[in-house]
Amino acid sequence: MRTEDPQIIRLVDYRPPDFLIDRMSLDIKLDLKKTRAISRLSLRPNPAGRADVPLVLDGDELVLLGVKLDGEPLQECYSVTADGFTLAAPPRRNFELEIETELDPSANTKLMGLYRSGSAYCTQCEAEGFRRITYFLDRPDVLSIYTTRIEADRAEAPILLSNGNLVERGDVPQSNRHYAVWHDPFPKPCYLFALVGGDLGSLRDTFTTMSGRKVDLAIYVEHGNERRAAYAMDALKRAMRWDETAYKREYDLDVFNIVAVSDFNMGAMENKGLNIFNDRYVLALPETATDADYAGIERVIAHEYLHNWTGNRITCRDWFQLCLKEGLTVFRDQEFTSDQRSRALQRIADVRTLRAQQFSEDAGPLAHSVRPDTYREINNFYTATVYEKGAELVRMLKVLIGDDAFSRGIQLYFERCDGTAATVEDFLACFEASSGRDLQHFALWYEQAGTPSVTIAASYDQDAKTLSLELSQETPPTPGQPDKKPLVIPLAIGLIGESGTELPLKAEIDAFDGASAAELKRGLIELTSARRHIVFRDLGERVVISALRGFSAPVQLVQSASDEDLSLQCAFDPDPCVRWQAAQTYATRLLVAAARAPASGRNHSGIASFTEALRKAVSAGGDPAFTAQLLTLPSETDIAREIGDNVDPDAIYDGRQRLRADVGRALSTELLRLYRDLASDAPYSPDAASAGRRALRNTALDLLTSADEAAGTPLARAQFDTASNMTDRIAALTVLCLTESAAREDALEEFYKRYAGDALIIDKWLSLQATMPHPGTLDRVRGLMRTEQFSMANPNRVRALIGGFAANQRQFNAPDGSGYDFIGECVLLLDPKNPHVAVRLLSAFRTWRMMEPRRCRLAEAMLRRIQGVASLSPDVRDIVDRSLA
Ligand SMILES: [Zn+2]
């Protein structure tokens with residue numbers, strides 16, 4: 001069945017490199033089919049490495065043209081394959097190796113290394129793409145100073161960019177070619193190398209740093225799109241300023257360039273001084289982009305910029321430490337957005353993402369720890385666990401040691417580790433130093449996979465006026481980790497009286513755990529063992545526990561709160577996260593019951609009190625964006641995860657649709673009023689407050705239409721026709737797409753005609769149709785694949801249409817297995833050309849084991865079919881093997 005057994009890489013096997021490359025001089029002559037790369041590596045033996053070993057450089061699909069050692073052509077003493085270069089007896093002194101390779105950018109469909117996107121040449125090197133350009137020590141702990149000369153046809157590529165500062169440019173005499181030389185003074189690993197050549201337009205600006213240095217900023221886009229980059233530029237300047245005020249981190253080069261390309265495997269890449277972006281995270285105008293697109297641009301622009309310190313100046317020693325740059329930078333971009341928008345709303349959005357993506361990953365066969373200890377294919381570890389849970393660990397650390405110690409610790413990290421390739425241990429040591437706290441137990445969060453569940457059992461004794469809390473934690477087994485240890489879990493907590501007021505925390509804590517008044521002063525209980533017992537005294541009234549405030553730890557909270565308590569929390573809790581969580585928990589209870597036993601009748605009184613709780617919350621007013629969150633029911637994926645086994649996605653869908661209709665009916669007066677009152681003639685602005693009003697108004701439209709399609713459809717149709725911005729237009733179209741009306745087909749047709757020339761907008765159109773819950777969606781998707789709007793070679797199109805279908809819980813999990821077969825076939829079709837995109841689709845199968853037996857068998861059959869294909873890429877091989885293990 002298998003042609004090769006991919007090598008397993010283990011953290012415990014880490015060894016420092018045997019050689020270092022102090023300087024790297026790269027000369028690239030761009031050509032569509034025959035690009036020449038001449039690299040000059042200034043090498044020396046690493047004092048910390050082994051002596052008398054061969055020099056082994058990494059390569060991938062390379063064609064070698066020639067090698068020189070200290071300027072002399074080498075004829076023998078080395079061996080070379082497409083995937084590696086070995087110099088048997090390298091000098092035990094400083095030496096220079098010159099390597100010439102030839103590349104075909106036009107044939108590079110993997111979009112790793114040097115490739116063509118539209119009319120531009122560009123690169124993507126993380127994680128292991130640099131070895132597709134030249135033979136090198138392609139590992140993050142080899143830091144070199146780069147000088148890059150790029151040469152190209154003047155007309156084909158008037159713009160030539162690389163990392164660092166531009167030091168020279170000119171024409172190549174007697175030719176139609178020109179060149180540019182870039183020098184990056186900051187040592188970096190090769191995954192941060194980047195190069196762009198093409199005919200691009202640009203938007204330019206400047207930024208003056210806190211020490212008064214002027215930095216030239218430019219965003220390069222396809223000609224004609226310059227205007228669409230203005231919001232990205234604004235976000236960039238805000239991110240640069242924010243890193244100065246929040247972290248005292250200043251930008252360090254004379255220029256900062258961003259290039260937007262249309263063919264890109266990921267969101268964006270933080271190459272030093274030259275970020276390369278998927279154009280969907282750069283381009284926006286009110287008539288082309290939604291509020292969510294604007295927010296996405298702001299977040300991703302900030303994320304990549306913030307990597308300049310957390311990722312570039314301090315990089316990772318090895319790929320096991322990926323969370324060191326990603327988790328920390330996600331935490332920093334979340335903080336940036338919190339400061340720019342609403343902290344409470346940002347937290348809720350982050351928790352939604354964490355639960356939908358990371359908790360789901362933890363619940364399936366692909367579960368792994370934030371810092372994995374083995375991998376077969378590093379590309380498969382750019383996951384929600386490394387990114388989102390990685391960010392949660394940083395946030396939890398801040399909660400545990402407090403804001404002051406955290407900010408001193410992070411400054412120490414910047415001072416101590418600048419210019420190095422660091423580890424999670426190096427990072428935590430800084431916070432041990434700043435807080436005086438032993439973080440060894442906390443470090444277990446990096447090693448142990450799985451979502452811990454924390455149970456809080458409360459009992460109130462009216463006579464004794466005491467409240468007893470029995471806290472316990474448990475982490476379920478995950479692949480390779482059958483037995484779990486208790487973790488350090490900070491539980492931010494409060495007590496709410498019957499009247500809705502907050503009560504002071506006075507407690508007596510059992511001696512075995514050590515009493516800590518200090519914890520309670522901070523509103524925090526630390527659960528460090530499997531169980532903990534706490535008694536609160538002097539409580540004259542029954543109280544409701546407000547637990548996991550601010551979502552203080554990435555855990556699943558199991559609480560025996562009554563429906564009445566949840567209603568109270570939903571209305572009064574001072575913590576917005578808890579208020580939102582109460583509404584989610586309440587809805588989840590109803591939805592899980594409805595999906596588990598669809599035949600046993602509906603819980604009418606439960607539904608009535610739930611909708612009444614929402615009605616009160618809506619009537620109380622408050623931040624519209626928050627109200628919109630309260631009114632948004634848990635997703636089908638959330639409900640499936642909650643049920644855990646024998647899942648029937650049709651039953652989940654039906655139950656959720658009916659509850660949506662119940663909410664729409666019960667709140668129809670309020671929702672209609674909101675829909676009318678929140679209408680606005682003001683010119684579009686992407687700011688958080690305006691976006692929040694649009695979100696609530698569109699949520700109202702959606703619920704109204706769920707309750708009464710006949711009444712809602714004309715409203716949606718009218719909004720579709722008159723909308724002055726993409727947010728409102730696409731929201732109306734989304735509502736129409738959930739109906740099976742003629743209005744739906746008309747609107748889809750008109751939308752297509754209006755935007756047919758704009759790929760990013762057509763992606764929305766493709767994705768909307770792929771996510772329709774109705775039968776017939778698969779045929780529609782197959783039909784769309786045959787149209788000229790679709791291209792299997794473009795990752796954005798594939799993600800929108802095929803990825804959209806893979807996320808369609810009802811149709812992907814169709815009971816006849818047609819959805820599994822379709823996605824499986826797409827994976828096999830894509831794998832030989834672009835394994836990265838194939839793997840993303842394949843990960844839709846991560847929940848297969850929790851399905852009911854018939855679907856489970858069908859999904860497994862498709863996975864086995866994929867596994868049986870001999871020529872799979874290592875990427876797909878790894879995921880399919882783990883999914884079936
Ligand atoms: Zn990142």
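Quick look at the values:
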item: Extreme residue, farthest from Trp319 (Cα to Cα), among residues of the range 140-160 that are part of a loop (DSSP other than H, G, I, E, B) and touching a helix residue (DSSP H, G or I) at 6+ places or on another chain (Cβ under 8 Å); result: Val142
item: All positions within the range 131-184 that are in contact (Cβ under 8 Å) with a residue 24 or more places away in the chain and of a type in the set (D, E, K, R); result: Arg131, Arg132, Asp138, Arg139, Asp141, Arg149, Glu151, Asp153, Arg154, Glu156, Arg177, Asp184
item: Condition met for Thr777 (hydroxyl-bearing (Ser, Thr, Tyr), more than 25 Å from the chain's Cα centre (by Cα) and open to solvent by 30 Å² or more (accessible area, probe 1.4 Å)); result: no
item: Complete set of residues in the range 329-339 that are more than 18 Å from Met266 (Cβ to Cβ) and either within 11 Å of the ligand (Cβ to nearest atom) or within 13 Å of the chain's Cα centre (by Cα) (or both); result: Phe331, Arg332, Gln334
item: Test: residue in the range 348-364 that is in contact with a Lys or Arg (Cβ under 9 Å, 6 or more places away or on another chain), more than 19 Å from Arg549 (Cβ to Cβ), away from the ligand (no atom under 16 Å from the Cβ) and part of a loop (DSSP other than H, G, I, E, B); result: yes
item: The range 606-631, residues that are in contact with a Lys or Arg (Cβ under 9 Å, 6 or more places away or on another chain) and hydroxyl-bearing (Ser, Thr, Tyr); result: Thr611
item: Strands (runs of 3 or more DSSP E) fully within the range 31-134 counting 1 or more residues that are open to solvent by less than 20 Å² (accessible area, probe 1.4 Å), at pLDDT below 95 and of a type in the set (A, V, I, L, M, F, W, C); result: none
item: One residue from Ala561, Ala582 being among the hydrophobic types (A, V, I, L, M, F, W, C) and open to solvent by less than 10 Å² (accessible area, probe 1.4 Å); result: Ala582
item: Residue count, the range 567-580 (criterion: touching a residue at least 60 places away in the same chain (Cβ under 8 Å) and among the polar types (S, T, N, Q)); result: 1
item: Sole exception among (1) of a type outside the set (Val, Ile, Thr); (2) part of a strand (DSSP E or B); (3) open to solvent by 10 Å² or more (accessible area, probe 1.4 Å) for Pro286, by number; result: (2)
item: Residue among Leu397, Leu487, Leu467 that alone is surrounded by 20 or more Cβ atoms within 10 Å (Cβ to Cβ) and either over 27 Å from the mean Cα position of the chain (by Cα) or acidic (Asp, Glu) (or both); result: Leu467
item: Residue in the range 291-314 that is nearest to Asp252 (Cα to Cα), counting only those that are open to solvent by 20 Å² or more (accessible area, probe 1.4 Å) and out of contact with any Lys or Arg (no Cβ under 8 Å at 6 or more places or on another chain); result: Arg313
item: Residues of the range 422-481 classified as under 26 Å from Gln321 (Cβ atoms) and small (Gly, Ala, Ser), total; result: 10
item: Where a residue in the range 457-472 is without any contact (Cβ under 8 Å) to a residue 12 or more places away in the chain and its partner, wherever it lies, is assigned to a strand (DSSP E or B) and not hydrophobic (A, V, I, L, M, F, W, C), with Cβ under 7 Å and at least six apart; result: Ser459/Ser468
item: Test: Thr722 is free of Cβ contacts under 8 Å to residues at least 24 places away in the same chain and under 24 Å from Asn834 (Cβ atoms); result: no
item: Exclusive hit being more than 21 Å from Ile545 (Cβ to Cβ) and either in contact with an Asp or Glu (Cβ under 9 Å, 6 or more places away or on another chain) or not charged (D, E, K, R) (or both), set Lys484, Lys506, Lys465; result: Lys484
item: Enumerated strands (runs of 3 or more DSSP E) restricted to the range 198-279, each holding at least 3 residues that are within 16 Å of the ligand (Cβ to nearest atom); result: 274-278
item: Of all residues in the range 365-394 being open to solvent by 20 Å² or more (accessible area, probe 1.4 Å), of a type outside the set (Val, Ile, Thr) and more than 15 Å from the ligand (Cβ to nearest atom), the one that is farthest from Arg846 (Cα to Cα); result: Asp373
item: Residue match in the range 105-112 (condition: without any contact (Cβ under 8 Å) to a residue 60 or more places away in the chain and farther than 16 Å from Ile21 by Cβ); result: yes
item: Given (1) in contact with a strand residue (DSSP E or B) (Cβ under 8 Å, 6 or more places away or on another chain); (2) open to solvent by 50 Å² or more (accessible area, probe 1.4 Å), number of the condition Gly757 does not satisfy; result: (1)
item: Single match in Leu55, Leu69 (criterion: in contact with a Phe, Trp or Tyr (Cβ under 6 Å, 6 or more places away or on another chain) and among the hydrophobic types (A, V, I, L, M, F, W, C)); result: Leu55
item: Selection status of Ile297, within 16 Å of the ligand (Cβ to nearest atom) and within 29 Å of Leu633 (Cα to Cα); result: yes
item: For Leu858: the one exception among (1) touching a helix residue (DSSP H, G or I) at 6+ places or on another chain (Cβ under 9 Å); (2) surrounded by fewer than 24 Cβ atoms within 10 Å (Cβ to Cβ); (3) within 25 Å of His368 (Cα to Cα); result: (3)
item: Residue identified as crowded, with 17+ Cβ neighbours inside 10 Å and at pLDDT below 95 among Gly523, Gly500; result: Gly523
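Here's the yes/no breakdown for (1) crowded, with 16+ Cβ neighbours inside 10 Å; (2) touching a residue at least 40 places away in the same chain (Cβ under 8 Å); (3) within 20 Å of Glu361 (Cα to Cα):
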{"residue": "Gln811", "(1), (2), (3)": "yes, no, no"}
{"residue": "Ala814", "(1), (2), (3)": "yes, no, no"}
{"residue": "His836", "(1), (2), (3)": "yes, yes, yes"}
{"residue": "Phe845", "(1), (2), (3)": "yes, no, yes"}
{"residue": "Leu872", "(1), (2), (3)": "yes, yes, no"}
{"residue": "Asp875", "(1), (2), (3)": "yes, yes, yes"}
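Yes/no per residue for (1) in a helix (DSSP H, G or I); (2) in contact (Cβ under 8 Å) with a residue 24 or more places away in the chain; (3) under 21 Å from Ala613 (Cβ atoms); (4) open to solvent by less than 20 Å² (accessible area, probe 1.4 Å):
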position: Arg656; (1), (2), (3), (4): yes, yes, yes, no
position: Leu659; (1), (2), (3), (4): yes, yes, yes, yes
position: Glu670; (1), (2), (3), (4): yes, yes, yes, no
position: Arg673; (1), (2), (3), (4): yes, no, yes, no
position: Arg676; (1), (2), (3), (4): yes, no, no, no
position: Ala682; (1), (2), (3), (4): no, no, no, no
position: Arg694; (1), (2), (3), (4): yes, yes, no, no
position: Ala700; (1), (2), (3), (4): yes, yes, yes, yes
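The values are calculated or read from the model by the stated rules, or taken from the named source; none is laboratory data. None of these values were measured; they are calculated from a predicted model. All Cβ positions, even for glycine, are placed from backbone atoms using ideal geometry, and neighbour counts span all protein chains on display. Areas reflect the complete protein model, heavy atoms only, side chains present, ligands, DNA and RNA absent. Shrake-Rupley method; radii C 1.70, N 1.55, O 1.52, S 1.80 Å.
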